[in-house]
Amino acid sequence: MRLLEIFNRLRDRLRRDELSAELDEELRFHQSMLERDSRATGAEDDAARFAARRQLGNAGYLREETRATWSLGWIDDALQDVRYAARVLRHNALFSVAVISTLALGIGANTAIFSVVNAVVLQPLPYERPAELYSIWTVPTAKQAERYPASHPDLVDWQSSATSFTGIGGYVFNRWELSGPEGVDLARSIAGTSTLYPVLGAHPLIGRLPRPDEERVPVVAISHRLWLRRYAGNADVIGRKLLLDEEPYTIVGVMPPGFHFPSPDIDLWTSLYPVTRAVGNGTINPWLTNRGLRGYRIVGRLKPGVTAASAESEMNGIMHRMGASFPDDDGATDIRLQSVRDDSVAGIGRALWLTFGAAGLVLLLACVNVAHLMLARASARSREIAVRRALGAHRGRIVRQLLTESVLLGAIGGVAGLAVAAIGVRVLVRISPGDIPRLENVALDPLTIAFAAIVSIGTGVLFGLAPTVVASSGGVETTLREHRNGPGRNRLRAMLTSAEVAFALMVLVAAGLVVRSLVSLLSTDMGFRPERVVTMALSFPSSRYPNESMRSPALDRILDQIRALPGVTSAGASTSLPPARMQQSNGFSIEGDPAPLPNQEPTAIYVPATPGFLSSIGVPLLRGRDFGAQDGAMAPNVALISESLVRRHFAARDPIGRRLQVGDLWFTVVGVVGDVGYEGIGKPASPTLYVPFAQSSFGGVWVAVRSSVESSSLIVPIRDAIHAVDPQMNARELRPMEDMLSETMVRPRFQAWLLTTFGGLALILAAVGIYGVIAYSVSQRTSEIGLRLALGAPRETVIALILRRGLLPVAGGIVVGLAASLGLSRVMTGLLYGVSPRDAITLVGVTALLAAVAIAAAYIPARRAARLDPLGALRTN
Amino acid sequence: MAPKRDLLPGTLDMLVLKTLSAGALHGYGIAQQIKQISRDVLQVDEGSLYPALQRMRQRGWLKADWGVTPNNQRARYYTLTTAGRKQLGEEQAGFAEVVEAIQRVMRSV
């Protein structure tokens with residue numbers, strides 16, 4: 001067909017009524033002319049009319065043929081189907097509302113979760129060809145599960161010898177106090193080596209990233225978030241000076257929103273200046289030259305066509321040769337490559353997919369419920385359909401009509417679902433933990449809307465197909481004579497119920513496991529007591545505290561001021577704070593023990609702390625003594641060690657009085673304290689070594705204050721006490737320790753909240769489905785039940801009969817669901833804490849819950865059946 | 001009266017176009033014209049004229065306008081367009097080729 005013809009057809013289609021009237025007039029004219037001709041040959045009026053009609057042919061057929069030229073073929077057929085479907089759905093408003101709202105919930109939940117999965121996991125990272133980017137980790141040959149960074153000399157050697165990469169770059173983390181006319185802020189940064197930013201291939205929103213020739217120049221690119229917060233999105237920020245710990249850096253660029261390298265908490269990307277600038281008395285920073293200081297995270301970009309596996313084996317070869325040259329620092333070390341994408345969404349991606357899976361199951365449940373409804377209605381309509389077939393409707397045409405109805409329902413459900421998703425996305429973003437990368441990119445974008453559209457149509461076909469096949473099969477005459485459910489239809493219903501129960505059980509198992517995991521996280525003994533403790537971060541910038549020896553006396557004065565506040569029972573400070581603020585970990589050796597092999601030196605979390613810190617956070621002293629005023633900078637070095645360090649490295653020996661070596665320093669153990677974790681809730685406590693802050697001071701500390709009064713009432717007095725000592729010192733993150741604790745629990749709570757929501761939805765949908773099927777079967781069998789009752793069957797027997805038939809598929813579904821849950825349990829490992837993915841209590845518990853709900857849902861219609869009036873019931877048919 | 005013959009399939013469009021090439025006509029007029037010129041041999045199923053006219057109008061070969069007959073009756077007159085004239089030429093050439101081919105086959109044995 002040519003364009004003109006299509007256009008004309010469309011135009012004719014739109015003025016079809018007008019054309020039709022014109023055709024009628026034309027035909028009337030034609031007929032009147034033929035009649036005139038007839039009469040001219042002497043025919044009577046009637047005979048003339050008859051002859052004219054015969055000559056003109058079958059007028060109905062003629063009109064039909066002509067009308068066909070004004071129609072759009074299958075499009076018109078489909079429109080007719082849609083109009084008919086809409087009429088049917090309007091006439092069954094209750095049914096339609098039930099279906100549409102069920103679908104809206106299912107589609108909405110899925111679309112909302114999909115939009116998150118899409119933004120966080122699926123969207124390409126904001127680098128050029130992100131699939132080529134790999135993190136390069138060093139791994140002690142003896143401890144393959146560990147992942148360590150590399151040293152600067154390692155990086156330089158790799159760059160010169162590796163041929164698998166177009167470039168390799170490294171970076172270190174820093175934490176800064178930002179100052180300047182815009183106010184004081186706290187931010188984390190990375191400092192990249194000269195090659196890092198070219199390797200990333202990231203594109204700033206404005207300006208640029210630090211250049212390779214700026215390794216020794218203080219320049220910085222800032223995050224979009226910081227740009228908006230601190231500079232109100234002003235483009236003239238380029239070239240301005242930003243003070244990092246009071247040293248000026250030139251702002252050279254602003255990164256786009258959603259650029260999170262390597263993690264969402266980074267706001268600044270500096271050159272390597274923080275490392276390359278001369279330190280203290282003008283010496284070169286050992287972090288540039290010491291091969292043993294493995295502080296650099298490494299990223300490499302693979303050359304096109306090079307696989308990660310071959311690059312890894314090349315890197316291992318290089319590393320083993322380096323190990324031969326530098327056995328002390330690089331001996332017994334392997335290399336592992338890990339894609340940057342996996343690094344950036346580690347854990348989160350898996351949790352998201354799990355949630356997406358749960359949402360998908362809920363949608364399937366919704367589909368099954370709708371299929372139940374459609375099936376019930378198909379039975380009710382079987383007469384209508386039989387009549388239409390008897391009148392000559394093609395089976396294909398009827399299937400198409402029924403499918404149109406379900407797809408229309410699916411489409412309306414999809415539109416309603418998009419509205420649900422729009423709300424859902426907003427709620428999700430608000431309540432989700434802040435550490436999910438690129439969450440700010442979550443939106444109902446075209447891809448998400450396309451997803452919703454495909455899901456809607458797909459569900460429409462899915463739930464419409466089974467009833468359609470059933471409805472259009474079966475002989476016309478049998479259906480017309482009596483309408484009764486065939487055994488096939490009942491089998492289909494039972495299968496749907498089983499599937500429904502199995503889906504619901506799978507969602508409930510996942511929800512149950514995550515909730516159990518959360519409970520076990522919350523009830524873990526973390527080794528400290530956060531109640532009525534206030535914590536805060538303080539730092540000693542080198543501008544005001546140029547000499548390290550000035551820090552400890554200042555801190556002591558601040559702590560004395562705080563201890564004097566009414567209600568305060570104790571106060572102390574340290575460089576790390578449980579449960580998740582670990583400042584550093586060091587290797588150590590025990591005097592008298594054989595020297596460890598390279599890379600197998602024991603390590604411990606190294607915590608300089610003041611007297612009173614451990615008692616303030618409630619870590620018990622098990623043996624020996626706490627630090628005291630006597631353990632000053634000039635006094636003999638002493639140390640406290642944690643129980644797990646004793647267990648692991650002293651076995652049955654008494655550690656008190658033994659000496660430990662850390663770097664060049666020797667510490668005498670004076671006490672043993674309880675275990676407490678610094679590396680995050682849910683992580684086991686690592687061996688920990690405490691030394692007096694006065695003997696190993698540091699530029700930043702966490703202060704903990706225990707009191708006998710309401711924590712929040714101390715916030716202002718503590719701030720004032722600090723200002724009394726140093727008016728320029730500002731406490732950061734000054735708040736009750738329990739607040740910080742609950743913040744670290746946001747992610748497990750969020751996960752549990754999401755899955756319980758889906759679990760609840762699944763349970764409700766399953767209950768509604770089971771109830772609906774049994775209620776329907778009772779209504780279909782009213783006369784049979786009436787007969788049984790009339791013949792004297794006890795009501796209990798009738799109830800038992802209905803429950804047995806109704807619950808058999810439920811039992812089948814439970815078996816399948818349990819098997820599937822066990823089969824999929826591997827998905828859950830790594831997402832759970834303190835509970836096995838095959839946890840028997842969870843499996844039994846949710847099965848019991850589901851079974852109880854199923855029995856309750858089945859019992860209601862069963863009891864109603866048993867209360868039927870036998871005579872009334874017999875008369876119904 | 002000569003025996004009546006059905007139209008060869010596919011020739012109706014060509015006959016209508018040819019008939020209209022002499023000037024505008026209404027549906028009845030087209031049917032009469034074909035009958036008369038063919039001396040009643042070609043019997044147009046007068047009803048089937050109308051779907052064909054609609055199709056040709058959509059293809060842009062004809063224009064349809066309401067007019068008045070000499071007897072003062074309203075009737076729809078069809079006129080050939082330029083595209084229609086071109087189409088007529090093509091169909092005529094094609095038809096002549098087919099007829100010639102058929103005749104060659106018929107004469108051969």
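Label sites at residue A:316 and residue A:131, each approximated as a point 7 angstrom past Cα along Cα to Cβ, lie 2.4 nm apart. Of all DSSP bridge pairs formed entirely within chain A, close to 80 percent run antiparallel. Computed from the alpha carbon positions, the gyration tensor of the protein assembly as shown leads to an equivalent ellipsoid with semi-axes of 82, 41, 25 Å, biggest first.
For chain A, the relative contact order comes to 14 percent (Cα pairs under 8 Å, sequence separation of at least 6).
With all protein chains present, how much of the accessible area of chain A (probe radius 1.4 Å) comes from carbon and sulfur, to the nearest whole percent? Don't skip to the answer; put the middle values down first.
On the way: 23580 of 39500 Å².
Ligands and nucleic acids excluded, carbon and sulfur reach 60 percent.
Of the trypsin sites (Lys or Arg not before Pro) found in region A:832-877, the ones in coil according to DSSP and having at most 15 other Cβ atoms within 10 Å of their Cβ are A:838, A:867. Summarising the label geometry, the points placed 7 Å from Cα in the beta-carbon direction at residue A:683 and residue A:91 lie 6.7 nm from one another. Looking at region B:48-109, none of the GluC sites (Glu not before Pro) sits in a DSSP loop with at most 16 other Cβ atoms within 10 Å of its own Cβ.
Using a probe radius of 1.4 Å on heavy atoms only, what accessible surface per residue do you get for chain A? Whole Å² is fine.
Dividing the accessible area of chain A by its residue count gives 45 Å².
Maximal additional length on extending the residue A:353-residue A:738 stretch stands at 135.5 nm, based on 0.36 nm per residue less the C-alpha distance.
Calculated FRET efficiency, residue A:423 to residue B:21, Cβ-Cβ distance, R0 = 41 Å: about 0.05 to the nearest 0.05. When shorter helices are ignored and each DSSP H run of at least 4 residues is given -39500 (n - 2.57), the per-residue value for chain B at 222 nm works out to -17000 deg cm²/dmol. The A-B contact accounts for approximately 2300 Å² of buried accessible area, totalled over both chains at a 1.4 Å probe radius. Note on residue A:79 and residue A:14: the extension gain reaches 22.1 nm, defined as 0.36 nm multiplied by sequence separation minus the Cα-Cα distance. Projecting the Cα positions of A:224, A:251, A:270 onto the charge dipole of region A:164-280 (unit charges on Cβ atoms of Lys, Arg, Asp and Glu, taken about the Cα centre) puts A:224 furthest along the positive direction.
Exactly which trypsin sites (Lys or Arg not before Pro) in region A:338-409 are in a DSSP loop and have at most 15 other Cβ atoms within 10 Å?
Here no loop site has a sparse enough neighbourhood.
Across region A:1-70, the relative contact order, built from alpha-carbon pairs under 8 Å that are at least six residues apart, equals 38 percent. A full extension of the chain between residue A:145 and residue A:457 corresponds to an added length of 107.7 nm, given 0.36 nm per residue minus the alpha carbon distance. Taking a straight Cα-Cα cut-off under 17 Å and skipping sequence neighbours fewer than 8 places away in the same chain, the lysines within cross-link reach of residue B:18 are B:35, B:63, B:86. Rounded to the nearest 0.05, the FRET efficiency derived from the C-beta distance between residue A:808 and residue A:393 at R0 = 30 Å is 0.25. Checking the cross-link filter: which aspartates and glutamates have an alpha carbon closer than 14 Å to that of residue A:143, excluding same-chain neighbours under 8 positions apart? Within the straight-line cut-off, residue A:143 pairs with A:334, A:601.
Residues in region B:64-94 near a label at residue A:4, defined as backbone nitrogen under 11 Å from the 7 Å Cα→Cβ point? In region B:64-94, the label zone of residue A:4 (backbone N under 11 Å from the point 7 Å along Cα→Cβ) covers B:81-87. Shielding value for A:59-70 is 4, the average number of Cβ atoms from other chains within 10 Å of each residue's Cβ. Here region A:1-111 is treated with +1 on each Lys and Arg Cβ and -1 on each Asp and Glu Cβ, and its dipole about the Cα centre works out to around 400 debye. Taking 17 Å as the straight-line reach from the Cα of residue A:241, the aspartates and glutamates in range (excluding those fewer than 8 positions away in the same chain) are A:177, A:182, A:185, A:214, A:267.
If you plug the beta carbon distance of residue B:79 and residue A:54 into 1/(1 + (r/R0)^6) with R0 = 30 Å, you get a FRET efficiency near 0.50.
The values are calculated or read from the model by the stated rules, or taken from the named source; none is laboratory data. Since this is a predicted model, take the numbers as computed values, not measurements. FYI the Cβ positions are ideal-geometry reconstructions off the backbone, even for glycines, and counts take in every protein chain you see. Please note that ligands, DNA and RNA were not included when accessible areas were found on the heavy atoms of the full protein model with its side chains. Shrake-Rupley method; radii C 1.70, N 1.55, O 1.52, S 1.80 Å.
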